[in-house]
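Here the structure is laid out as structure tokens; the discussion comes afterwards.
The values are calculated or read from the model by the stated rules, or taken from the named source; none is laboratory data. None of the values given here were measured: they were computed from a predicted structure. Every residue, glycine among them, receives a Cβ derived from its backbone with ideal geometry; neighbour counts consider all protein chains shown.
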Amino acid sequence: MKDIYNYFLLIRPLNVLVSGLAMIISAAILDSLDQELLVILVVLVVMAYTAGANSINDVLDLEIDKVNRPLRPIPSKNIKKNKALIFSFLLFSGGSVLSLQLPSSAYFISIVISMPLIVIYSTHLKSKPLIGNIAVSFIIGLSFIFCGTVFGNVHPMWTPCLLAFSLTLIREITKDIADLEGDKIAKHNTYPIEYGIKSAIKLISFLSCVVCLVALAPYINNTYNDWYLTILLIGVEIPLIIVVVFLTRNQTISSAVLSSKILKFSTIMGLLAIYIGSL
């Protein structure tokens, strides 16, 4: 049981569940929840890839996690690196097999684009300032296009895709501040290390302002109703403002850790805003 629990922790279950929930809401936006089998397949593929990505990330981030997260399964020696790597391979393989049951354009996105990009990000791009942040944000955004291709309706997914990309980019830069000490030891040249915490917070503030303004456009254009604006303000824009103010006043690693947690659910709230706003 202890081994099962440690593997459960390895995949970061909350992140995996959030990725699955995002696909369910996306299917609702596409008015496709009645296609139960396709919904289940989409959710399982995205959750498997998310779990695989989290696992391989922990394998490659061992030295960083010894400093930043020593109680994680691998640095705490509850799971060996090679076993975690095999587990990640199995998750990616399972997700890929499931995606073969989907339309060709969908499994092309998952197998030919997403999975290789996850590996390239984890092994080469993660330590490149901003490039790594953009890469992982692109992967998250692409999952919504993947969902759209499955149900044969990509157009409504562009707004969720762009919102998820933007919010993930902000959160990834925030996480880089939180992981600063471990990244220094592992010689990962992230944006806060290369340009400093103050510069990173300025970039977060700028991106947050852009998101807050651009996200209003669908409401102004009468694409979505008043509920979109209400949920957007409560679930996305106010949290972004809180994060910017908090980071500006407290330019510390601990404040970045808290800010990252605040941002975690903003994407889900943004998706809910789009879904309810389109009813």
Tell me, please, whether a residue that is basic (K, R), closer than 17 Å to S137 by Cβ, in a helix (DSSP H, G or I) and touching a residue at least 60 places away in the same chain (Cβ under 8 Å) can be found in region 165-180.
-> yes
From S254, S259, which residue is surrounded by 15 or more Cβ atoms within 10 Å (Cβ to Cβ), in a helix (DSSP H, G or I) and within 22 Å of the chain's Cα centre (by Cα)?
-> S259
Can you tell me which of S127, S122, S99 is at pLDDT 90 or above and among the polar types (S, T, N, Q)?
-> S99
Of all helices (runs of 4 or more DSSP H) fully inside region 68-160, the set with 3 or more residues that are crowded, with 16+ Cβ neighbours inside 10 Å and in contact with a Phe, Trp or Tyr (Cβ under 8 Å, 6 or more places away or on another chain) is 81-99, 115-120, 131-150
Can you pull out the residues in region 189-198 that are buried (at least 18 other Cβ atoms within 10 Å of the Cβ) and either of a type outside the set (S, T, N, Q) or without any contact (Cβ under 8 Å) to a residue 12 or more places away in the chain (or both)?
-> Y191, P192, I193, I197
Looking across region 7-45 at residues that are in a loop (DSSP other than H, G, I, E, B) and surrounded by 15 or more Cβ atoms within 10 Å (Cβ to Cβ), the single one that is farthest from the chain's Cα centre (by Cα) is Q35
Look at E194 and say whether it is out of contact with any His (no Cβ under 8 Å at 6 or more places or on another chain), of a type in the set (D, E) and under 20 Å from D58 (Cα atoms).
-> no
Exactly one of N189, N222 is within 23 Å of the chain's Cα centre (by Cα) and part of a loop (DSSP other than H, G, I, E, B), and that one is N189
Among I231, I201, I276, which is the only one that is farther than 29 Å from P156 by Cβ, among the aliphatic types (A, V, I, L, M) and either in contact with a Pro (Cβ under 7 Å, 6 or more places away or on another chain) or surrounded by 15 or more Cβ atoms within 10 Å (Cβ to Cβ) (or both)?
-> I201
What is the number of the single condition among (1) among the hydrophobic types (A, V, I, L, M, F, W, C); (2) out of contact with any Cys (no Cβ under 6 Å at 6 or more places or on another chain); (3) over 12 Å from I56 (Cα atoms) that F144 does not meet?
-> (2)
